[in-house]
Amino acid sequence: DTAVSQTPKYLVTQMGNDKSIKCEQNLGHDTMYWYKQDSKKFLKIMFSYNNKELIINETVPNRFSPKSPDKAHLNLHINSLELGDSAVYFCASSLSDRGNTIYFGEGSWLTVV
Amino acid sequence: KQEVTQIPAALSVPEGENLVLNCSFTDSAIYNLQWFRQDPGKGLTSLLLIQSSQREQTSGRLNASLDKSSGRSTLYIAASQPGDSATYLCAVTRLTGGFKTIFGAGTRLFVKA
């Protein structure tokens, strides 16, 4: 009964491939996020969705495309993977987009070789 | 532009010691401030959330304070235990511009038995 679950947890893939990371939350929240944590442990927002609508889109390459089929799911698709995409990607959710407590998934470790 | 800084970057203390972790932010126009804990290989767990109108929040052995005018927050941990060893991250949510949450780089805490 994990609150925010994301799959896969580990992903090793070659440069140029396309991959997806899936995320689901069972908390009944309206807002979901994707964060990226790099090798220096900095955590930065990539995207934020509220009620399936994109509300925050940071300066992220077009190769990254989020998709929210419903309020409980926010998937991240990455095209033409590059070495620099190697990082931990965290999915998260909150009750609304107004600064409520954020609940994180366990992370997806992406390694591009 | 909001920047969040955490000092020290790492801290090692003997078990039982009381300790303070510091967080500073450059823009006082915040909606709230959150403290998170991150264990190795895991996601972030929210510890405390302080609204901009509040001065402090307490949960068990944890006490977080907020001084918005000076751009500072502290996380006080009483009677530290080895199980407290983790990385502690501070995050502020902006008041404007989409309520984006900005994270500090964290303080790595090691409590020696």
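Quick notes on this one:
- Within segment A:71-110, the set of residues being more than 14 Å from every other protein chain (Cβ to nearest Cβ), open to solvent by 50 Å² or more (accessible area, probe 1.4 Å) and either within 30 Å of B:Q57 (Cα to Cα) or in contact with a strand residue (DSSP E or B) (Cβ under 6 Å, 6 or more places away or on another chain) (or both) comprises A:H73, A:H77, A:L83.
- Restricting attention to segment A:12-49, the residues being over 14 Å from the mean Cα position of the chain (by Cα) and part of a strand (DSSP E or B) number 2.
- Matching entry among B:Q38, B:Q6 (being in contact with a strand residue (DSSP E or B) (Cβ under 9 Å, 6 or more places away or on another chain), within 12 Å of chain A (Cβ to nearest Cβ) and either under 20 Å from A:N100 (Cβ atoms) or β-branched (V, I, T) (or both)): B:Q38
- Per the listing A:T59, A:T101, A:T111, the residue uniquely over 27 Å from B:G41 (Cβ atoms), over 13 Å from the mean Cα position of the chain (by Cα) and hydroxyl-bearing (S, T, Y) is A:T59.
- Search result, residues across segment B:41-67 that are touching a residue at least 24 places away in the same chain (Cβ under 8 Å) and either more than 14 Å from every other protein chain (Cβ to nearest Cβ) or over 21 Å from B:K1 (Cβ atoms) (or both): B:L44, B:L47, B:L48, B:L62, B:A64
- Scanning segment B:84-99 for residues that are open to solvent by 10 Å² or more (accessible area, probe 1.4 Å) and either free of Cβ contacts under 8 Å to residues at least 12 places away in the same chain or hydroxyl-bearing (S, T, Y) (or both) returns B:S85, B:T87, B:T96, B:G97, B:G98.
- Segment A:35-70: number of residues that are open to solvent by less than 40 Å² (accessible area, probe 1.4 Å), within 14 Å of chain B (Cβ to nearest Cβ) and not aromatic (F, W, Y): 8
The values are calculated or read from the model by the stated rules, or taken from the named source; none is laboratory data. Values in this document were obtained by computation on a predicted structure and should not be read as measured data. Cβ coordinates were reconstructed from backbone atoms using ideal geometry, including for glycine residues, and neighbour counts include every protein chain displayed. Only protein heavy atoms, including side chains, enter the accessible area calculation; ligands, DNA and RNA are left aside. Shrake-Rupley method; radii C 1.70, N 1.55, O 1.52, S 1.80 Å.
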